[in-house]
Amino acid sequence: MGESAVQHIAVTQSSAIAQFLAEEAGTYAPAVLSGFYKTVNRAQTMNLLVSGIETPSIYLRLRSFVYCDGCFEEGWQRQIQDIKLAEFCPYHQKKYLAHCPACGGDFKWWHALHGKCHYCGVVLKCAPCTAQDCRHEQYLVQSLKTHNQAYLDKVMRIARNLGSVMQKKPTAPEASRCQINEAAMLIANNDAHGILQHLSALHSIYPDIDKSWIAARFSGFKSPEVNEAINAFMKRTSFSQDSIQSDTPFLLTAGQARRKMQAEGLRFASISGICQSVNATRKFFTNDDIFALSLALEEYHAKSAGRLPIAQSEMWTTKEVARRLNVKPNVVQTYSRDGLLPFYCGKKGRKFFLPADVDCLLDRLQPPHYIAATCGVKVIKIRKAILESQVEPSYNAELHWSYWLFTSEDIQSIKLTLAHKKSRATEAFPLILPNLPADPVFFAKFLSYAQTAKSLRIEKAAVHELIKWHYLKHCYISLKKIYIPKTEIQKFKQKYLISKTTSKILKISVNRLADVLQFFGIQPLIFPATTQSRTTAIYRKKEISKFAIHLSTEKPTENQNYLSITIAAKRAQVSEHTLRALAYRNVLSHVAGKSSFYFRPSVLDLFRKKFSIIETLLAPMGFPLRPTPRLIEKLYKYYTKEIPPRTNTAEFYRSSADILSYLNSETPIDPPILTKIKKAAHFFRPNVPTLPPDCILLSVALEQFRISYNDFYDTFLKKGFVSLIRHEKEKYLNRKDFDKCQHILASHITCAMADRLIFNNSGTSRCLIRRSILIGEHLSNFIAKPLIQRDMISYYLINHPVSSYLKLK
């Protein structure tokens, strides 16, 4: 009988081989049977006595292929070698043998029968261990002596949570199981120092694995001792230099890996998701799997928890984009809000931008500050060049000019204007003025350059242009200064006005003055060499006086004659969108400036008196806050100056007098609706309409049609083929709609009705339509679902028995 055959036969006294040998031995049968195991009953296996220690058999985890000579001498080698808690025998404090120390052969179970190696015949002896090595086994033996079953249950439970494998053929190596069992006893004893030493030993065995992954083995335990040991382990910077090389991989369960990644912010839907992401088994993660998870975790954090397309370090923040565009961060926020610059949201709503998107924006559009930086000039010069070249920005959005964006063609125009101004400045002719006389009385009749600018409240550059273009005459020049006669200054004040003075006369804001006057054809003085701002413009007094005479002023209590659209919207208590709609349709008189609309306060007040929001007008009459669509439609079609509403709002504006005259009219335009409106207007309370004659209750009609409400609604009501009448919480059909439905259902039938009344199986009719056996007809554009002819179904039923329909599914 060969070795392979012996491995698969039972060696108990009741086995066939034992009984055969006993029969052959004759009188020596008891001696032969004593060499085989005796079958022990269940009641006899409750407790075993090993090395003077009574051991409950429920805590013996049987396994093969390890050997203890102390257990062999006591005769309990098959029963006692199998507690899966450490690599040492807990009863004799000796190290288990898994291989022959002489030849290195693997152990088989029959080696324990005679205590010798099966291959070389050497007597097997186990090396004793120190008390420090067997410290955990001493805990176990002590608990066995005191019958502390709760402690043993706790150790087993912790070992399972740490990843202990209970199958007869575990996938984890023996060394890993020993590590897990050692850690289980340390946690059970609340030994913080021992846990710290255990973590340090693991780090010395696996120096290439990050400490956080080693500590992840204890992630499922939240006791103070475990937390203290983990914190001390993570803070420790120096470890033993003597690293222990081990071929056994460091293993983590899928749950431990998931808890580690969840603590870092990376979440998977399930454990199988983690396993599939690294192509690992469902039980354990090896060193390679941990490295793969580490890389995935780093990539996940680099992409801001998976929200970004690439690593966060490769993308630009708002401040970095602002530096690239030479603008402020709020300008970048505006560009991204309006869709000019795509962005990605990272953690806490932070915006990140791809450098390629920023470069693509600069290739198409550029802001003024970026143009100034590329041209090497100040931004104010770019602003003046924009106004002088009269280019229109591609992106304006009624924002400040620093937000504008210009195309490459516009930028070329701006640069040409800058070059022209620069060449013109170099070629500018000097002021040809007479020399300063030596008369000392001269200085009392003249003002200097700066004094003139202060007196006229204009800029020095404007004074220079006034002298150049002979608006100020008889000036004198010295070596460093220019002197202007006081008489010329007085004449200039009598003929011209500055912006602030004009604003006070016309009661128009300085910021809106130029735009309003330009609408009426009044232009300020324009000098080719300079571009004046709107607050320092100079106007002809004659034109302003003529305009002021024809300008109808507002009430004395009004501060302004014209209001911007923002202030006007607040005053009229409407939205800017509605105010623009009123202006476009010339319902409100306004001034259409170059940059905005401007309204008179009196016009806004008159509009509020004459026109009203339809909800506000009908509210005292008992109508709801949101009028019915049919009522709105009637008022919309009425011949008044009407403003269509904005999308998804009921912001209707109608003439109050026209609406009231319509409500009081005797013309029977639409009797049901008009009757309802008149009664509501007359009694100022909600109207309860009377039920029209010849109406049929909907439930009665559905019963006659033999159709369900959902089918009736989806077929006839959905697109308005018929309409319902609601009266006192009941639904009715008028006679006309009832006759239409009855006429159609007399010759046709819906799919749901056919399935329920004829085929007794849902979906059969549609299956027949898909197979072109039956044909669905669309009788009207207002009937939502196709209908089937009853004659076609009858013809089909003649040729096919009922049992065949059910096979079509």
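Things worth noting here:
- 19 Å Cα-Cα threshold exceeded, pairs from Lys504/Lys541; Lys460/Lys507; Lys500/Lys555; Lys211/Lys235; Lys555/Lys594: Lys460/Lys507; Lys500/Lys555; Lys555/Lys594
- Near Ile538, the amide H atoms lying under 5 Å from its own belong to Leu525; only residues 5 or more places off or on other chains count, and H is placed 1.01 Å from N.
- Across Lys454/Lys491; Lys719/Lys785; Lys384/Lys481, pairs whose alpha-carbon gap is larger than 20 Å: Lys384/Lys481
- Region 446-591 shape via C-alpha gyration tensor axes, a/c threshold 1.5: prolate
- For region 313-426, the equivalent ellipsoid built from the Cα gyration tensor has semi-axes of 29, 13, 11 Å, listed from largest to smallest.
- Fully extending the segment from Asn799 to Lys319 would add 164.9 nm, taking 0.36 nm per residue of separation and subtracting the current Cα-Cα distance.
- Directionally averaged projected area (convex hull, Cα atoms, region 440-496), nm²: 3.8 nm²
- Projected area, mean over directions - region 695-806, Cα convex hull, nm²: 7.0 nm²
The numbers here are math on the coordinates, done by the rules we state, and not lab data. All figures in this text were calculated on a predicted structure; none of them were measured in a lab.
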